[in-house]
Amino acid sequence: MSSIPSGETHLDTLIRSMEPVLHDDVFVFCTVPDKQGSSSLTSSDAHLLALNPVMLFKEVEGITLIMTKEAAIAEGMGYEFPARMITLNIHSALDAVGFLARITQRLAALDMGVNPVSGFYHDHLFVPVDKADTAMSELHQMSEE
């Protein structure tokens with residue numbers, strides 16, 4: 001088993017070095033029923049991966065997919081929350097304390113809903129399409145403080 005470098009845990013370093021990047025696509029949240037009712041993907045779920053979601057998460061009520069709005073429309077899927085994705089380009093530790101809390105608190109003060117998603121290496125923020133530029137400005141300001 002190979003060793004994976006640990007992510008950053010120091011809150012001030014995370015904020016100062018987050019290097020936010022705004023992605024061009026519009027993303028949406030979709031859901032489909034989980035016919036197997038299992039907590040892991042099965043071979044019958046493989047078709048969902050073909051939709052190329054940036055995130056797939058199984059919940060009791062169904063499977064959540066975050067995918068491009070274009071792909072959801074092409075598949076005839078219902079969707080919610082058209083958003084832009086902002087990737088915070090610092091390898092944050094999965095157990096880093098307060099990083100997303102500080103960011104979401106600042107964006108909430110701007111009356112902005114945020115759906116954060118953490119991957120192994122980076123955190124990603126899904127923000128309303130019409131507030132993406134405001135979010136980017138606020139994140140850059142936070143980095144400079």
Fluctuation leader among 18, 67, 55 - the chain, Gaussian network, Cα springs under 10 angstrom:
55
Roughly to the nearest percent, how much of the accessible area of the range 16-140 is carbon and sulfur, given a 1.4 Å probe?
53
Expected unfolding gain across residue 59-residue 31 under the 0.36 nm per residue rule, minus the alpha-carbon gap, is 9.1 nm
If you take the square roots of the eigenvalues of the alpha-carbon gyration tensor of the range 43-114 and sort them as a ≥ b ≥ c, do you get rounded (a/c under 1.5), prolate (a/b over b/c) or oblate?
prolate
Under the Karplus relation 6.51 cos²θ - 1.76 cosθ + 1.60, θ = phi - 60°, what is the ordered set of whole-Hz ³J(HN,Hα) values for the range 122-139, x standing for Gly and Pro?
9, 9, 10, 10, 9, 10, x, 3, 6, 10, 4, 5, 5, 4, 4, 4, 5, 5
Taking the simple approach of a point 7 Å from Cα along Cα-to-Cβ for both residue 22 and residue 133, what is their distance in nm?
0.7
Give the accessible surface of the chain per residue, rounded to a whole number of Å², with probe radius 1.4 Å and ligands, DNA and RNA excluded.
59
Between the Cα axis of helix 99-108 and the main Cα principal axis of the chain, the angle (0 to 90°, nearest 10) is 90
For the chain, go through all pairs of different Cα atoms, get the mean of 1/r, take its inverse, and jot down that Kirkwood value in Å.
16.5
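The values are calculated or read from the model by the stated rules, or taken from the named source; none is laboratory data. None of the values given here were measured: they were computed from a predicted structure. Note that each Cβ is placed from the backbone with ideal geometry, even for glycine, and that neighbours are counted across all protein chains shown. Areas reflect the complete protein model, heavy atoms only, side chains present, ligands, DNA and RNA absent. Shrake-Rupley method; radii C 1.70, N 1.55, O 1.52, S 1.80 Å.
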